[in-house]
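All remarks here apply to the structure that follows.
Nothing in this text is a laboratory measurement; each read-out follows from the coordinates by a stated rule. None of these values were measured; they are calculated from a predicted model. Note that we place each Cβ from the backbone using ideal geometry, even for glycine, and neighbour counts take in every protein chain shown.
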Amino acid sequence: MNRPDRDRLLAEVAEVEGWMSPAQGRRLWDAAAAVRRWGTIVEIGSYRGKSAVVLASAADPTVRVIAVDPHAGNDRGPRQIHGAAGEGQADHEAFLANLARFDVGDRVEHVRRFSSAAWAEVLDDESGPIDVLYIDGAHRFGPARDDLVRWGAAIRPGGTMLVHDAYSSVGVTLALMTTTVLGARFRYGGRDGSLTRYRRRDLTLAERPGNALRQLLPLGWFARNLVVKALLVVHLGRLARLLGHDGETWPY
């Protein structure tokens with residue numbers, strides 16, 4: 001399989017329903033393209049396949065690409081924590097159709113389970129450590145923290161973790177505050193909007209304060225996003241524009 005042109009693929013995949021900025025798409029592409037042969041990429045939270053298409057298109061054909069999403073109708077997107085099974089099935093069908101449309105249907109292993117239940121199936125005795133972990137699952141504090149702790153522990157030294165809706169979702173941000181900010185296993189590498197990136201590396205005692213501080217600096221942007229969301233809820237998008245937001249989409 002020949003790897004498609006990155007920018008052309010990202011322009012085409014922009015039509016797929018989902019939340020991913022061009023900069024975030026490039027970040028996912030570059031992370032997947034850097035995975036060594038026979039490596040492993042895991043995505044938690046696929047929705048309708050936008051990010052899965054990018055990851056599978058960029059990765060070497062020998063790389064295992066696993067998408068974990070129950071497509072149960074819940075946690076589908078902004079303000080959609082609870083949903084119906086019919087909505088989940090529609091997402092599932094759209095997910096498969098989009099994979100087929102971009103010719104990566106045979107490249108993505110879909111595990112239709114909640115991430116908390118998919119652990120044993122994805123990381124069996126024959127599986128190696130994760131090279132790239134992309135977390136965009138349930139945004140509530142408990143599930144988000146569980147994904148960071150449980151799945152993050154399976155990333156190989158030097159591997160990459162990407163977390164979507166950081167400093168945008170309250171649950172995800174609090175989960176990061178209680179794990180990576182206080183922890184010593186992930187070096188913060190910055191963010192593209194709400195997509196934060198980390199490198200799995202044990203930090204020395206001297207490195208930890210600076211690593212924590214760099215993760216605390218975007219809290220001002222987080223506060224701005226909370227205000228934007230409140231304005232959108234009460235239909236005051238025009239005021240949100242004064243904060244640099246487009247006044248329509250949920251900040252991501």
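Using θ = phi - 60° and the Karplus curve 6.51 cos²θ - 1.76 cosθ + 1.60, what whole-Hz ³J(HN,Hα) does each residue of segment 239-252 get, with Gly and Pro shown as x?
5, 4, 5, 5, 9, x, 9, 6, x, 10, 7, 5, x, 8
With both bridge residues required to lie in segment 116-252, what share of the DSSP beta bridges run antiparallel, to the nearest 5%? Kindly include the intermediate steps, with their values, before the conclusion.
On the way: 10 of 15 bridges.
In segment 116-252, approximately 65 percent of DSSP beta bridges are antiparallel ones.
Within a Cβ distance under 10 Å of residue 39, other residues only, what is the Lys/Arg minus Asp/Glu net charge?
+2
For mean projected area of the Cα convex hull in nm², several values are listed as [x] 18.8; [y] 13.3; [z] 14.1; flag the one computed from this structure.
Here the calculated entry is [y].
Could you order peptides 18-25, 220-227 by the average number of other Cβ atoms within 10 Å of their residues, highest first?
Working: 18-25: 18.4, 220-227: 15.4.
The most tightly packed comes first, giving 18-25, 220-227.
What is the spin-label model distance, in nm, from residue 156 to residue 90 if the labels are put 7 Å beyond Cα along the C-beta direction?
4.1 nm
Once label points are set 7 Å from the Cα along Cα→Cβ at both residue 112 and residue 239, what is their separation, rounded to one decimal in nm?
Going by the 7 Å Cα→Cβ label model, 4.4 nm.
I want the antiparallel fraction of DSSP beta bridges within the chain, as a percent rounded to 5.
35 percent
If you take the charge dipole of the chain about its Cα centre, with +1 on Lys and Arg Cβ and -1 on Asp and Glu Cβ, which of 155, 2, 174 is farthest toward its positive end?
Highest projection toward the positive end goes to 174.
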